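The values are calculated or read from the model by the stated rules, or taken from the named source; none is laboratory data. Bear in mind that the values here come from a model prediction, so they are computed numbers and not experimental data. Cβ sites come from the backbone with ideal geometry, for glycine too, and all protein chains shown count toward neighbours.
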Ligand SMILES: [Mg+2]
């Protein structure tokens, strides 16, 4: 059996851990440039707010206070995501992280009779320790587990276990084919023309027809719906996490721009390495500074800035330059800072990046060359430890005495 553990309304739930006043309110989290809704509380769902809805369409309801709209705090989501996945790992023999708020639990060797108890324990722990609501569905395949957890969420249940694929039929009859895992909106439109509107319609079709119409991916989905385990995570498009981030607390308060600039460049370069390792490119970069929260006599400052790239990128030089220009715009003279961080978000798979109209021949060529350069740098800087090749901006200029533990916590690789 396999489980899908999925955090409910994840970004909103994270925001609620910081601000209990958001409980029982219609809350939405907006995308990076505050353009559209990327997460909704149950109250916001009931108020008719749609996923991806442009913010301007609901601006009157936001202004009136009916709906609370928040800008995304991706560092916070990352931090909580790591803790949630740690709890999942405590209970399942093996987990596959699928997204920032979802993981498959591979329950090999665990008696079926224990599944419900394990699910209840995971959900209770996530709530007690982190205040994040989690729903878990167990079934014979990943696709069915997704359906079970989805239907539990709708019914306000925390855990569902489905032993026989046929029992999912009534639920599948109520779910639109566009909600089937791996079938996008575009593909569902094609299926409508063949009279397939619900997941049950899809499961009822002959396998031969599915194979001829949708190929191997359609066949896998069909088999999974019939209880056969056949989708590996490598088969599904992009299980990329939503963001990568790096942040550190300095050992003491620092007001030296050069020092902080070097830290920001180091964090940005580290983020880029992670981003390329997962095969992604990002559309947005953000930089955050924070003053010491125990030195409140000056008040707490947390300046934050972000930049959207014209085209998704994973280029260290471009991303570091952007990070430093954000730092320039948010840095406050003579204020000592205690913490700094960089995050990259709106991550897309690198191969799906299509050059824009304005990407003239040279820049496309340029991008190919740069991507080879980044690959070469990554292979030289392989493994943990201080990078062998770095940008000049990653080097602190003449600031002895400061060591934030970043450099010394790793041993340089022996090469
Ligand atoms: Mg979720």
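Do any helices (runs of 4 or more DSSP H) entirely within the stretch 185-225 hold 3 or more residues that are at pLDDT 90 or above and either in contact with a helix residue (DSSP H, G or I) (Cβ under 8 Å, 6 or more places away or on another chain) or not assigned by TED's automatic domain parsing to the domain that holds residue 170 (or both), and if so, which? Steps first, please.
Working: elements: 185-192, 199-204, 207-225.
So the answer is 199-204, 207-225.
Kindly establish whether residue 5 is farther than 20 Å from residue 74 by Cα and surrounded by 18 or more Cβ atoms within 10 Å (Cβ to Cβ). So that I can check it myself, show each step before the final result.
On the way: farther than 20 Å from residue 74 by Cα: yes; surrounded by 18 or more Cβ atoms within 10 Å (Cβ to Cβ): yes.
Yes: the conditions hold for residue 5.
Could you count how many residues in the stretch 271-303 are within 17 Å of the chain's Cα centre (by Cα) and assigned to a helix (DSSP H, G or I)?
If we filter the stretch 271-303 for residues that are within 17 Å of the chain's Cα centre (by Cα), which is where we start, we get 271-286.
Still in the running and assigned to a helix (DSSP H, G or I): 271-277.
Residues meeting the conditions: 7.
All but one of (1) closer than 23 Å to residue 150 by Cα; (2) touching a helix residue (DSSP H, G or I) at 6+ places or on another chain (Cβ under 7 Å); (3) at pLDDT below 95 hold for residue 121; state the number of the condition that does not hold.
The failed condition is (3).
Look through the stretch 1-54, keep the residues that are more than 20 Å from residue 154 (Cβ to Cβ), without any contact (Cβ under 8 Å) to a residue 12 or more places away in the chain and in a loop (DSSP other than H, G, I, E, B), and return whichever of them is nearest to the ligand (Cβ to nearest atom).
Of everything passing the filter in the stretch 1-54, 23 is nearest to the ligand (Cβ to nearest atom).
One residue is enough: does the stretch 329-342 have a residue meeting the conditions loosely packed, with under 13 Cβ neighbours inside 10 Å, at pLDDT 85 or above and within 30 Å of the chain's Cα centre (by Cα)?
yes
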